[in-house]
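Presented below is the structure to which this report refers.
The values are calculated or read from the model by the stated rules, or taken from the named source; none is laboratory data. It should be emphasised that the depicted structure is a prediction, and the values quoted were computed from it without experimental measurement. Here the Cβ is made from the backbone with ideal geometry for all residues, glycine too, and neighbour counts use every protein chain on show. Side chains included, ligands, DNA and RNA excluded: accessible areas come from the protein's heavy atoms. Shrake-Rupley method; radii C 1.70, N 1.55, O 1.52, S 1.80 Å.
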Amino acid sequence: MGKDSEKTILTNEKNLNFFKDEKTGLANTQELPRKTFVGRIPTVQHAFLEIMDEEKRRIILGEDDLIIGRTSECDIQIMANNVSRRHARISYSNEEYRIEDLESTNGIYVNGVKVERCVLRKHDVLEIGGIKILFIEEKIRQDNDNKKE
Amino acid sequence: MTTRKNDKMLVTFWGTRGSISTPGRITEKYGGNTPCVSIRFNDTQIILDAGTGIRNLGVELVEEIKREDNPTLLHLFLSHTHWDHIQGLPFFLPSYHKNTKLIIYGSHRKERFLASILKEQMDFDYFPVSMSSFAADISIREMNDKVIQIGPLVIDWQEQVYHPGGSVRYKISTNGNKIVYATDVELNRMFDNLKDNDINENLARDYMNFISDADLLIADAQYTEEEYPEKVGWGHSSVHVLLDIAFKSNVKQLAVFHHDPQHSDKFLDDLWMENRSKYSSKDRKMDVFWAREGMTLAI
């Protein structure tokens, strides 16, 4: 059956009655062409850090390393006394984000555990110099509005 | 004063799940790979168990091996040879790399030689590649010496009886820091009826001496107290029994390990929340956490 004739059967009300169960009056479930299942909805993985300092910032993570620290040279600057000048690195490899301590004075914590390095999972709570940072990861549909620039 | 990184042992969890690997969405946080932990102290590298988690460690190590001119020396200590502790070995990439020297240590108290047990795992009926295909220089040692010295690391070990077929616990020390790896042991049976049982009293004392003052104890608590009665004799401990004994032994940090395959991330999160602050007194605090794959601590 060709494309057009398929469309005709599905949209013509008269023909739809043909598929109805005589007893219940409900339409029978129709088998969809296989190609319907093959298509793919483009998605993109997004990850953010929500920094719970006075500014309450949201930082979008990409594939480049980011340095967190107190100085203005850092990619993410946190102005808190207990944060070291270069405190931690966020990196991306094998489709995963990691955090690594850069020999900071006060260390880094993931969900309250002091770590040297750690692969991050969604909703992990990081702590750097007393500042809490929430790691969020989500997959969203990539359409015209959401396309990465 | 800050401690320099090279004064510390770096402990990485590559597999934390017990019994069988459990991939899937509900286990991605704590991980689905079976036991493997690496300890690195500068150039000295120790691996504890070769569960499926060792595959990812191998992927990372082989990149280093390729960059090195000199052979890389790796020491693999097996707690025992149940599947979940050896099944990753055939997938450990450094084994297939010429520039690797791998020494595998295990108990001498098995009925069969450790070498033949490991070779049989790679028998053609189970796996298409035999152990003789390993290009690395491999030696397999059944431990006799009470203490093994590897560079700056001292490795102490003891046999554990309350696990089917037995298992071995290890203590790794350097610079006054101690890490104990004591998985696959049923502490509930060891610490039961101590007053009426001399054997258990001795075993319990040995256990507590071994773990006492550990900076990090990695230990099995596969079951909750509610689950344990149906698992008696299976060779694993329950959460509260482990936590009580560790606290009494002055353990500073406890990584609960060998997670049950049925326990989801949420289940383990809830267990952790319920227990994390119970073990602290005015004088001291024991940090408790549930070990997860991809986490590295400096000890």
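For the protein assembly as shown, what is the Kirkwood hydrodynamic radius in Å, using each pair of distinct C-alpha atoms? Let's see the in-between values first.
On the way: mean 1/r = 0.0405 Å⁻¹.
About 24.7 Å for the protein assembly as shown.
Please state the Cα pair-distance histogram of the stretch B:172-213 with 5 angstrom bins from zero: what percent is in each bin?
5, 21, 26, 20, 13, 9, 5, 1
For the pair B:Ile20 and B:Lys66, what calculated FRET efficiency results from E = 1/(1 + (r/R0)^6), where r is the Cβ-Cβ distance and R0 = 35 Å, to the nearest 0.05? Kindly include the intermediate steps, with their values, before the conclusion.
Details: r = 32 Å, r/R0 = 0.92.
Result of the calculation: an efficiency of 0.65.
In Å and from the alpha-carbon atoms only, list the Rg and Dmax of the stretch B:1-72.
14.4, 44
In degrees from 0 to 90, rounded to the nearest 10, what is the angle of the helix B:54-67 Cα long axis to the longest principal axis of chain B?
40 degrees
Gain in length, B:Phe113 to B:Asn197, computed as 0.36 nm per residue apart minus the alpha-carbon separation, to one decimal in nm?
Values: separation 84, 0.36 × 84 = 30.24 nm, distance 3.24 nm.
Going from the current span to full extension adds 27.0 nm.
For B:Thr52, what is the net charge nearby, where nearby means another residue's Cβ is under 14 Å from its Cβ and Lys, Arg count +1, Asp, Glu -1? Can you show the working numbers first?
Values: positive: B:Arg17, B:Arg55; negative: B:Asp49, B:Asp84, B:Glu293.
Spelling it out: positives minus negatives among the neighbours equals -1.
Please report the net charge: other residues with Cβ closer than 13 Å to the Cβ of B:Val251, K and R +1, D and E -1.
Values: positive: B:Lys171, B:Lys178, B:Lys248, B:Lys252, B:Arg284, B:Lys285; negative: B:Asp213, B:Asp215, B:Asp244, B:Asp287.
That sum, taken over residues with Cβ under 13 Å, equals +2.
If amide H atoms are built 1.01 Å from N in the plane of the peptide, which residues on other chains or at least 5 residues away come under 5 Å of the amide H of B:Arg17?
The list, which skips near neighbours in sequence, is B:Asn33, B:Thr34, B:His259.
Send over a whole-number figure in Å² for the accessible area per residue of the protein assembly as shown, probe 1.4 Å. Show your work: numbers first, answer last.
Numbers: 24140 Å² over 448 residues.
Heavy-atom accessible area per residue stands at 54 Å².
Which percent of the accessible heavy-atom area of the protein assembly as shown goes to carbon and sulfur, probe 1.4 angstrom? Walk me through the numbers on the way to the answer.
Details: 11580 of 24140 Å².
Carbon and sulfur atoms account for 48 percent of the accessible area of the protein assembly as shown.
Using the Karplus equation 6.51 cos²θ - 1.76 cosθ + 1.60 (θ = phi - 60°), what ³J(HN,Hα) coupling, rounded to whole Hz, does each residue of the stretch B:109-117 give in order, writing x for Gly and Pro?
For the stretch B:109-117, the Karplus curve yields 9, 7, 5, 10, 5, 4, 4, 6, 5 Hz.
Straight-line reach from B:Lys266: which aspartates and glutamates have a Cα under 15 Å away, not including same-chain ones fewer than 8 places off?
Partners found: A:Asp124, B:Glu28, B:Glu274.
Considering only the protein assembly as shown, what is the antiparallel percent among its DSSP beta bridges, to the nearest 5? Could the numbers behind the result be given before it?
Working: 69 of 100 bridges.
Within the protein assembly as shown, antiparallel bridges account for around 70 percent of the total.
Would you mind checking which residues have amide H under 5 Å from B:Ile150's amide H? H placed 1.01 Å from N; only 5 or more apart, or other chain.
The answer is B:Ile155.
May I ask for the equivalent-ellipsoid semi-axes of chain B, computed as the square root of five times each C-alpha gyration tensor eigenvalue and listed largest first in whole Å? The partial results should precede the final answer.
Working: eigenvalues 173, 95, 79 Å².
Ellipsoid semi-axes (Å, largest first): 29, 22, 20.
Interface size between chain A and chain B, please: total buried accessible area, 1.4 Å probe, rounded to the nearest 100 Å². Could the numbers behind the result be given before it?
On the way: alone 11200 and 14360 Å², together 24140 Å².
Summed over both sides, the interface buries about 1400 Å².
Using modelled amide H (1.01 Å from N, peptide plane; none on Pro or chain starts), what sits under 5 Å from the amide H of B:Asp184, excluding residues fewer than 5 places away?
Those qualifying (amide H under 5 Å, at least 5 residues apart or on another chain) are B:Asp220.
With everything on Cα atoms, drop me the angle between helix B:239-248 and the longest principal axis of chain B, reported from 0 to 90° to the nearest 10.
80 degrees
So what are the radius of gyration and Dmax for the Cα set of the stretch B:184-299, in Å?
Using the Cα atoms of the stretch B:184-299, the pair Rg, Dmax is 14.1, 43 Å.
If the viscosity is 0.692 mPa s and the temperature 37 °C, what Stokes-Einstein diffusion coefficient in µm²/s follows for the stretch A:77-149 when Rh is the Kirkwood radius over Cα pairs?
Working: Rh = 13.5 Å.
This corresponds to a translational diffusion coefficient of 243 µm²/s.
Please turn the phi angles of the stretch A:123-132 into ³J(HN,Hα) values with the Karplus equation 6.51 cos²θ - 1.76 cosθ + 1.60 (θ = phi - 60°), one per residue in order, whole Hz, x for glycine and proline.
6, 5, 9, 8, 9, 10, x, x, 9, 8
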